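Notes to accompany the following structure.
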Amino acid sequence: MAYDFSVVLRFQDALALGLWMTIKLTLICVVLGCSLGFFIGLARTSRSAFLRAVSSIYVEFFRGTPVLVQLFWIFFCLPLILGVELSNLASGVIALTLYMGAITSETFRASLKSIGPEQLDACVALGLPRRVQVTSVILPQAVLRAVPTLLSNCVSLFKESALVSAVGMADLMFVGQNISNNTARPVEVLTVVALIYFVIAFPLTRAVTLVERRVLAKLAI
Amino acid sequence: MTMSFSAPLVKIKSLHKSYGPHIQVLKGLDIEMKPGERVVVIGPSGGGKSTLLRVMMGLEKIDSGSISFAGKPYISSEAADKKTVIDTEVRRSIGMVFQHYTLFPHLNVIQNLILAPCKVRGENKASATKRAQALLERFGLGAKASAYPAQLSGGQKQRVAIARALMLDPKLMLFDEVTSALDPELVAEVEQVILQLAAQDMPMMIVTHDMWFAKNIASRVIFCAGGVVVEDGPPEQVLGSPKEERTRDFIERVFHIRH
């Protein structure tokens, strides 16, 4: 069988639109998910037993169920329960944000925990009030330490966002699948789709390594 | 005996401290420190030296006893619920430097120095920076103002840590084994800085294993073992011809004297 990659070029506009949807969805969920994860991470290390319990249940639930099931649930069950129609994009954003929030909260929690008790000793010896300890010493270090892992989380989200094609969102994967079905050229189309994901994700994973090295060099004491 | 009317700077009264139910670290410590004194605390590991300093800084809970600073009690234990009460206003007169530098790694040297003055005392950034720069110059660190802690040697980090504590104009400095983590060739530069402070009559309490340093800086040496003060006196006595058998054993061991 002869491969004909020109079929991909004929559909380049559709693929570009799909890619744009993938990128848009990823960026929105990166911002919302990381913000959510930050506060959930704080809640999980909080002194309040109530906050710890609620945040733990949330995190364990979303880490312990398949993302695909979460997506289906939000797309098909949530509208029934709420009694409101949600747009595809809104449902996708809600689902992936909740998922990303759970994942990144673990990242923030780990980085908060990695700050040694001697940093708090120094804060006390300098007479820093609790608020200043948190905002000027603990949080900046925690965020800095979290950055490399957060970037990894973001790259993962970019790749896993392909799952939304299963619920009919017109992302890169969805468009690719449609073209491949309609043209009966799965090898050409799906290979190109895979390459597009790779060309974007690969430099990002390399960047993570570089950022990690720089962050570690800076925080090494 | 001459009567002294100067009130003690620090008064530690029957201080007890334990970690858990079985490990008693301080078993009724009584120490009075006069203004201008430089007290070096020596003794075997686990004898409670570092714990004493940490308690004085308010970093540890106590079981019972009290500590006053300049006549004001600032650390005490409530008999009823065994809660340690700390007067943070009084505590701010005390500065402390630790064995492991504890600089803030995400802030550069100047930022490390001005954080507390700006955030605690509300000093404006320009004046704090000016004071910080002057202090760094004095400690031979003028060129390191914008360096990050990770870019400094151990000795430089420790000098920055001392400068950071001095930014708050402490009336008493606590040094907890500040040269123990340093490479031998870096010890002198840190000790020089502390000697410089001593020359300006800064009251200090120092825990150290460096007997040369102890001899050179102390106006008084306390030998602490098993959670109590075993011997207390001028350095010539405690380090030179100790009266107590336990002190003698310890001093002989650390000075490697062979008979």
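The values are calculated or read from the model by the stated rules, or taken from the named source; none is laboratory data. This one's a predicted model, so the numbers in the text were calculated from it and none came from an experiment. Using ideal geometry, Cβ is built from the backbone for each residue, glycine included, and neighbour counts are taken over all protein chains shown.
Taking the stretch A:69-103 as the range and being among the aromatic types (F, W, Y) and closer than 18 Å to A:M21 by Cβ as the test, the residues that pass are A:F75, A:Y99. Going through (1) within 14 Å of another protein chain (Cβ to nearest Cβ); (2) assigned to a strand (DSSP E or B); (3) under 30 Å from B:P21 (Cβ atoms) one by one, B:G95 falls short only on (3). Looking across B:V193, B:V187, B:V178, B:V90, one residue alone is outside any helix (DSSP H, G or I) and either at pLDDT below 95 or more than 17 Å from B:M205 (Cα to Cα) (or both). It is B:V178. Scanning the stretch A:1-55 for residues that are loosely packed, with under 14 Cβ neighbours inside 10 Å and within 17 Å of the chain's Cα centre (by Cα) gives A:W20, A:L27, A:V31. When each of A:L120, A:L96, A:L86, A:L42 is tested for being at pLDDT below 90 and out of contact with any strand residue (DSSP E or B) (no Cβ under 8 Å at 6 or more places or on another chain), the lone residue that passes is A:L86.
There is no residue in the stretch B:133-150 that is over 30 Å from B:G47 (Cβ atoms), within 14 Å of chain A (Cβ to nearest Cβ), in a loop (DSSP other than H, G, I, E, B) and within 23 Å of the chain's Cα centre (by Cα). If the condition is being more than 22 Å from B:Q237 (Cα to Cα) and of a type in the set (A, V, I, L, M), then the stretch B:200-223 contributes only B:M202. Within the stretch B:33-89, the residues that satisfy the criterion of being among the β-branched types (V, I, T), within 14 Å of chain A (Cβ to nearest Cβ) and more than 17 Å from the chain's Cα centre (by Cα) are B:T84, B:I86, B:T88. Mind listing whichever residues of the stretch A:197-221 are surrounded by fewer than 17 Cβ atoms within 10 Å (Cβ to Cβ), away from every other protein chain (no Cβ under 14 Å) and not basic (K, R)? Listed by number, the residues that qualify are A:F198, A:V199, A:A201, A:F202, A:P203, A:L204, A:T205, A:A207, A:T209, A:L210, A:V211, A:E212. Can you give me the number of residues within the stretch B:155-175 that are within 10 Å of chain A (Cβ to nearest Cβ) and in a helix (DSSP H, G or I)? The total comes to 4.
State the number of residues belonging to the stretch B:41-67 that are in contact (Cβ under 8 Å) with a residue 40 or more places away in the chain and either part of a loop (DSSP other than H, G, I, E, B) or farther than 26 Å from A:P117 by Cα (or both). Summing the residues that are in contact (Cβ under 8 Å) with a residue 40 or more places away in the chain and either part of a loop (DSSP other than H, G, I, E, B) or farther than 26 Å from A:P117 by Cα (or both) in the stretch B:41-67 gives 9. Going through the stretch B:108-130 one residue at a time, which ones are surrounded by fewer than 17 Cβ atoms within 10 Å (Cβ to Cβ) and under 22 Å from B:Q196 (Cα atoms)? The answer is B:K130, and nothing else.
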